[in-house]
Structure formats: C-alpha cells, structure tokens
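The values are calculated or read from the model by the stated rules, or taken from the named source; none is laboratory data. Given the structure is predicted, the values throughout are model-derived calculations rather than measurements. When we count neighbours, we look across all protein chains shown, and the Cβ atoms used for this are built from the backbone with ideal geometry, even at glycine. Note: areas computed on protein heavy atoms with side chains; ligands, DNA, RNA excluded. Shrake-Rupley method; radii C 1.70, N 1.55, O 1.52, S 1.80 Å.
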Amino acid sequence: NSHMIEKTPEKHDALIATLPLQPVFERPFGIGPLHRLYKGVWIPEEIIRGTLELQQCFKSRPTDIFLASFPKSGTTWLKAMIFFTLTRTNYSLDQHPLSTHNPHQCVPYMEEEFATGRSKIIEVISSPRVMNTHLPYALLPDSIKESGCRIVYVWRDPKDVLVSRWYFAQKILGGADKMVTFDRFYEFFYQGQNSFGPIWNHVLGYWEERKRRPEEILFLKYEHILQEPVKSAKQLAHFMGCPFSETEENQGVVEQIVELCSIKKLKDFDVNKDSDLSTSKFNVHISNAYYFRKGETGDWKSHMTREMAERLDTLIEEKFKGSGLQI
Ligand code: A3P
C-alpha cells in the first residue's frame, strides 16, 4: 500500500500508549529511553514506532543484506566489515570512507530510519543494500522473512554484552551516578529487562531460523571473529556472494580489511574520536566515540563475582538447552 508510506510514524502513538511500561532498568531518574513491552520484548518507544512503520511499509529485495544483532554484540565492527567487503573494489585504502565516516553512517539502522520518517532514503539505495536491525527475528517484517535476502547475525557472550551495555548507557546518561548500581543492572538483565531483551530469546530466534535456512542466515560469534578474523572475513564474503578471489587473497586484501576494521584502527580516526559527532537521528546525543571501548573478551571478569557469572551462565545454558548453541 503505497499511500501508507506518505503517513508519518506518529500514527502509531495511540497503539504504543497501550503497551506495558518498563520497570526502572535504564531509566532510574527519568532519563534515558522509555521502554515498553511489545510482543514480549522490551523496546524503546521510538524504536517501536519504527518497527510498526517497518512492518507496514518496508519492501525487501532478494539482494538485501541485513546485519542483525542484540545491541553491544559487535554491530559496529560487523558494519565496517560488511561495508568494506561489499564495496572493496570501489575505494582505495588511503581514501577509504571508513576513515572519514563512522560505520553507522555507512550502514543505516532500520528501526531508526523508519521511526524518523526516512524510509524514502532506504528505498532509493541501489542494490545490494546493507542495513542493520536490532529486532528479534519474530518482529521482522514479513517482507524480510520472505524475500530470500541474507541475514548476518552476530552474537556475543551475554556477560560481556551486559558489561558493554552498562558502560554505553553510562556514557549516554552522563555518568555512573545517573545509573542504577551495576548489581541492579545485572539483575534487570538477568530478568530480561534490557533493550531488546531478553537476550536469550533474541539469539535463539535467529538460531532456530538459521537451522531452517542455513543459506540465508549466517551466524558469527564475536569471540570467534576476534580469534580468527581472516577466516571470519572469508566466511562473511562467501556468504554475501562476493568471495575473495585467489588474486585478492595473494594481494592480502583480506588482511587489509581485517586491519582497517580493527577497533584499534577505527577508534583512531578523527571521525570516531570527536565526541561532538553523533550518528543518532533521535533526540539523544550518541557520540561516534561511544561505540568503541575495549573490544576484548572477558571484561566481565572485572565486574562480576564468580557467583554472578555462574548464575547468568546457568540461566543461558538452560535457555539454550537442546538448541545446539553454546555460550
Ligand atoms: P566493549 O564495550 O566490550 O568494548 P555494538 O557495536 O554492537 O554497539 O557493540 C559495541 C562493542 O563492540 C563494544 O564492546 C565495542 O568496544 C566493541 N567494538 C566496536 N568496534 C569494534 C571493532 N572494530 N572490533 C572489535 N570490537 C569492537
């Protein structure tokens, strides 16, 4: 229905107002995004608006590539890798867009674009389009599920996701004193009360679908990419239908991609150091610098007691039981 596209996303406000409101989690002093429970998932209000708009209006193409992730699982990294790999013949290394643009400027965030009335911009991108979503599989528009397009799903040890999220929220809210304590934040996460939570449903939703459609959904794990970046980059390129040629491999193209997309390199570009620059189209300042912190595995060890870690692991293991997934 093309006439629907003309309408603004505000048309969904009445429905959104009927959804259950969040308990405290990231909004202890009335700041931070207001979340509501939409079909069993905690989602910031404006993102729900974008989701409803997406579900009504988005037309996926078979050539589309989606990066799907639970926030703080490696979205920024994969945006850079995917973008670079797909466009690798278009740019020279010394004038690469990733040296002047934050990865989030190179790959649009669907829910945000649709929430802010920018769906037209997505429609005119030439194929193959690359976009990202944080929505769980169940909430994706049917158009994406049925077009035959490809989905890259990146996931990460939930304990590190939790810690990463904790720091990200602090930066956005303006300091640890604006937050609940880490212990409470942990508890909320454990209860599934976190943006796009619970995390286990998010990972499992895509995993179950991957079992049905292995050609169309690729699973990558943050920890594995860190361990074997070159292998992961090849896997990614192959999956996207643009495998590296022997000549490219001999020329070291894969290593160049891995190197430029490393956190060390990306973090150092002025565009990602400037704290005034924000890619967010919402009414919130998310500095380009916020997306780069440590980029390591196991930082949870400095934040959780052994007991807390085991408790969360046990919960996730129970949820993953029988699925074939392991943390
Ligand atoms: P940490 O906070 O643990 O350092 P997302 O991009 O999904 O928001 O995830 C952010 C996490 O990915 C942060 O984790 C961030 O430091 C890390 N990250 C960002 N860019 C990266 C890169 N190029 N390589 C590895 N990790 C990266």
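Whenever you get a sec, line up THR75, THR89 from highest to lowest accessible area (probe 1.4 Å, protein heavy atoms). Intermediate results must be reported in sequence, preceding the final value.
Details: THR75 10, THR89 120 Å².
Correct descending sequence by accessible area is THR89, THR75.
Here is the list for region 218-327: GluC sites (Glu not before Pro) lying in DSSP coil, each with at most 13 other C-beta atoms within 10 angstrom of its C-beta, are GLU296. What whole-number distance in Å separates the alpha-carbon centres of region 233-297 and region 32-63? Spelled out, the Cα-based centre of one part sits 26 Å from the other. Listed values for region 121-129 are Karplus-derived 3J(HN,Hα) couplings in whole Hz (6.51 cos²θ - 1.76 cosθ + 1.60, θ = phi - 60°), namely 4, 5, 5, 9, 5, 7, 6, x, 7, and x replaces Gly and Pro. Among the protein heavy atoms of the chain, carbon and sulfur supply 49% of the accessible surface, probe 1.4 Å, non-protein parts ignored. Rounded, prolate or oblate for region 68-164? Axes are the square roots of the Cα gyration tensor eigenvalues, ordered a ≥ b ≥ c, and the cut-off for rounded is a/c under 1.5. Here region 68-164 falls in the oblate category.
The listed residues THR279, THR247 rank as THR247, THR279 when sorted by accessible area, largest first, using a 1.4 Å probe. For the set SER275, SER287, solvent exposure ranked by accessible area (probe 1.4 Å, protein chains only) runs largest to smallest as SER275, SER287. Using θ = phi - 60° in the Karplus curve 6.51 cos²θ - 1.76 cosθ + 1.60, the 3J(HN,Hα) couplings for region 71-83 round to x, 6, 9, x, 4, 4, 4, 5, 4, 5, 4, 5, 4 Hz; x is entered for Gly and Pro.
Relative contact order of the chain, please, whole-number percent, based on alpha carbon pairs below 8 angstrom and at least 6 residues apart.
Details: 447 pairs, mean separation 71.5, N = 327.
Computed value for the chain: 22 percent relative contact order.
The order of the peptides 130-141, 164-175 by mean Cβ neighbours within 10 Å, most packed first, is 130-141, 164-175. Give the total of Lys-Lys pairs in region 144-258 with Cα-Cα distances below 28 Å; include a pair only if its members are 8 or more places apart or on different chains. Close lysine pairs found across region 144-258: 16. Once the convex hull of all Cα atoms in the chain is built, its volume per residue stands at 135 Å³.
Determine one quarter of the surface area of the Cα convex hull of region 145-273, which equals its mean projected area, and express it in nm² to one decimal. Walk me through the intermediate numbers first.
Working: hull surface 41.8 nm².
Over every viewing direction, the Cα hull of region 145-273 projects on average to 10.5 nm².
Counting only protein heavy atoms and a 1.4 Å probe, the chain has 46 square angstrom of accessible area per residue.
Using a simple spin-label model with pseudo-atoms 7 Å out from Cα toward Cβ, ALA309 and THR87 lie 4.0 nm apart.
Given the DSSP H assignment, sum -39500 (n - 2.57) over each helix run of at least 4 residues in the chain and divide by its residue total; what's the result at 222 nm in deg cm²/dmol, nearest 500?
Details: 18 runs with 149 residues, N = 327.
The per-residue figure over the chain is -12500 deg cm²/dmol.
For LEU37 and ILE121, the difference between the fully extended length at 0.36 nm per residue and the C-alpha to C-alpha distance is 27.4 nm.
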